[in-house]
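Visitor: Take a look at the following structure, please.
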Amino acid sequence: MPVAAPHSYFSGYSVFNAHRSTMEISDSVTHKNGRQRRVISPQEDMRDADRIHNTTLEVEESEALIQGSDKEDNGHPKVVPGVRGELGNVSLLLFLYVLQGIPLGLAGSIPLILQSKNVSYKDQAFFSFVFWPFSLKLLWAPLVDALYLTRFGRRKSWLVPTQYLLGLFMLYLSVTVDILLKSDGGSGPDVVTLTAVFFMLAFLAATQDIAVDGWALTMLSRENVGYASTCNSVGQTAGYFLGNVLFLALESADFCNKYLRVEPKANGIVTLADFLFFWGIVFLVSTTLVAVLKKENARGQHGKRKVREETQSVMETYKLLFSIIKMPAVFAFCSMLLTGKVGFSAADAVTGLKLVEAGVPKEQLALLAVPMVPLQILLPLIISKYTAGPRPLDVWYKAFPCRLLIGLGYALLVWWTPSFRQEDGYPVYYYGIVLFSYALHQVALYSMYVALMAFNAKVSDPVIGGTYMTLLNTVTNLGGNWPSTLALWLVDPLTSKECQEAAGQSCGSPAEAGLCVKEGGVCVTTLDGYYVESVVCVVIGLLWWLWLGRRMTKLQDQSSAAWKCKIGQ
């Protein structure tokens, strides 16, 4: 379940699905507070994931519906065709979103693989930058929207080269990933190169997301443009599941021997190299077919008029973003969004990796995503009933301390985990405890995230709703990414170890630890930095909640004029 955005069982998949949840929020939110959609998890968290451009998609849909004409050029009323006439376009969109989720799922699986190879938490922190592009894509989205080759197509100008590069990067990784992950001469995995390549994969996936979101508005007719959000939600989730949960299960020798094979073997059914090669070929072939066969035009089958697209220039968009940020209410709100998740960072970013370190199979943690899917679908629908009113942040404020306490519960779970271990692994009831704790975490996480999305929709100026909402969602996701990276980075410095059975040796660094072992000693952890972080983060979170939490809820009392952009007036 680790996903895009800080990489852990608890942060990863929850983040991705929290992002997804905004697309599934009930109409009670969208009708009363302005249109919005999903992307994860809070983070948190795929992961995340952040996926913030999807909110822009929904707002643009509303604007496009208003702008569109109800009649054809000949003046006769249009005949509503229904979705059957555009099944090809809907299927293409769904497939493109599935492709987008594949590299994100693979990136989410790498931290667990690295953890099984005993890399340092500083290395994990460095790799966590892979999950940042979806939280920063607002920085280059205006370029994707405004620069293109007219003859080739506005969206295809970015989609085709982006997907070709994704395919080529996957093929390159299929040849080199085993070398990058394996220990050569005791040097360990090449985390720097892995981070660089997977960062490019995430960057390209985020760019593809911008292009596909925009193309969805013109690929479908006015009557069916609402299906774009469904394709986004289902496609990205399916792609992430294939690249993360399914891959980790099929790559695990233990899982395959236990559930899928008659005769045990030393390896899983697929390797990471095989998986990357297969999807690299799929990217190259499918992109070629789209480039050759799919046309971008103003009309589709049966002469249906497509939704009209209008876009500001690049400079106008950046000026608009800057003018929004300068508004006192928005600046205060963004400052709180960037600092409010520090209290959750240790629990979200480190817990899953600590469970793997304790010997819990990574594929078993990934499979816990499956029973969580119904809950992650229902939670936004239920919570939105309480956030649809004039004070959605009240729900956020009440859920905040609950989520902090759940973080302490995670630390207790990690400390308790070794006592559950048996000769053949962990018992079923242990996974039941993990699943229950994760479900509680999801309730608190979604309560806060859905409340924030509802408030973002409520205060966004409808005249520039797409840009406004995307900015607020970008800041929300970024506010979860940087604390998680920092939390991973600090685990090792806060951990204390001593060398036992070898006098005069220490374990303060990898070199010293190696010397301790060479002298016949063993490094023993006397103080785990994860537990230190867990307590410190909860204390910081409680102080933040007491000092700034109420101030954040008071932003709901601001007049609507305080949130309206004055540009051009």
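Visitor: Report the charge-dipole magnitude of the stretch 430-549 in Debye, nearest 20, computed about the Cα centre from +1 at each Lys and Arg Cβ and -1 at each Asp and Glu Cβ. Write down the numbers at each step before the final one.
Guide: Details: 3 positive and 8 negative charges, 92 e Å.
The calculated dipole for the stretch 430-549 is roughly 440 debye.
Visitor: Related question: May I ask you to give the solvent-accessible area per residue for the stretch 446-569, in square angstrom, as obtained with a 1.4 angstrom probe?
Guide: Per-residue accessible area for the stretch 446-569 comes out at 47 Å².
Visitor: Here's another thing I want to ask about it. Give me the percent of the accessible area of the stretch 407-503 that comes from carbon and sulfur atoms, probe 1.4 Å, all protein chains in place.
Guide: Details: 2540 of 3890 Å².
Ligands and nucleic acids excluded, carbon and sulfur give 65 percent.
Visitor: Something else: Is the shape of the stretch 451-567 rounded, prolate or oblate, going by the alpha carbon gyration tensor and its root eigenvalues a ≥ b ≥ c, with a/c under 1.5 for rounded and a/b larger than b/c for prolate? Before the final figure, lay out the partial values.
Guide: Values: a/c = 6.32, a/b = 3.16, b/c = 2.00.
Here the stretch 451-567 falls in the prolate category.
Visitor: Here is a further query. At what distance in nm do the modelled label points of Glu512 and Ser335 sit from each other, each positioned 7 Å from its Cα along Cα→Cβ?
Guide: About 4.1 nm, to one decimal.
Visitor: Using the structure shown, list the pairs from Lys458/Lys564; Lys326/Lys564; Lys137/Lys354; Lys117/Lys265; Lys137/Lys319 with a Cα-Cα distance above 19 Å, or answer none. Each step should come with its number before you reach the end.
Guide: Details: Lys458/Lys564 11 Å; Lys326/Lys564 11 Å; Lys137/Lys354 30 Å; Lys117/Lys265 21 Å; Lys137/Lys319 16 Å.
In this structure, Lys137/Lys354; Lys117/Lys265 lie more than 19 Å apart at Cα.
Visitor: So for each of 422-432, 469-479 I average, over its residues, the number of other beta carbons within 10 Å; can you give me the resulting order with the highest mean first?
Guide: Numbers: 422-432: 11.5, 469-479: 25.5.
Listed from highest to lowest mean packing, they are 469-479, 422-432.
Visitor: Sticking with this one: Quick check: pseudo-label points 7 Å beyond the Cα along Cα→Cβ at Asp274 and Lys258, how many nm apart are they?
Guide: Distance between label points: 2.0 nm.
Visitor: Sorting check: for 533-542, 131-140, which peptide has the highest mean count of neighbouring beta carbons within 10 Å, and how do the rest follow?
Guide: Details: 533-542: 19.8, 131-140: 23.2.
In descending order of packing, they fall as 131-140, 533-542.
Visitor: A follow-up question, please. Quick check: pseudo-label points 7 Å beyond the Cα along Cα→Cβ at Leu543 and Trp416, how many nm apart are they?
Guide: 2.9
Visitor: While we're on this one: Output the relative contact order of the stretch 173-295, whole-number percent, from Cα pairs under 8 angstrom with separation of 6+ residues.
Guide: Working: 66 pairs, mean separation 30.0, N = 123.
The normalised contact order for the stretch 173-295 reaches 24 percent.
The values are calculated or read from the model by the stated rules, or taken from the named source; none is laboratory data. Nothing here was measured: the structure is a model prediction, and the numbers come from that model. As a convention, Cβ positions derive from the backbone with ideal geometry for all residues, glycine included, and neighbour counts pool all protein chains shown. To get the accessible areas, we keep the full protein, side chains included, count just its heavy atoms, and leave off ligands, DNA and RNA. Shrake-Rupley method; radii C 1.70, N 1.55, O 1.52, S 1.80 Å.
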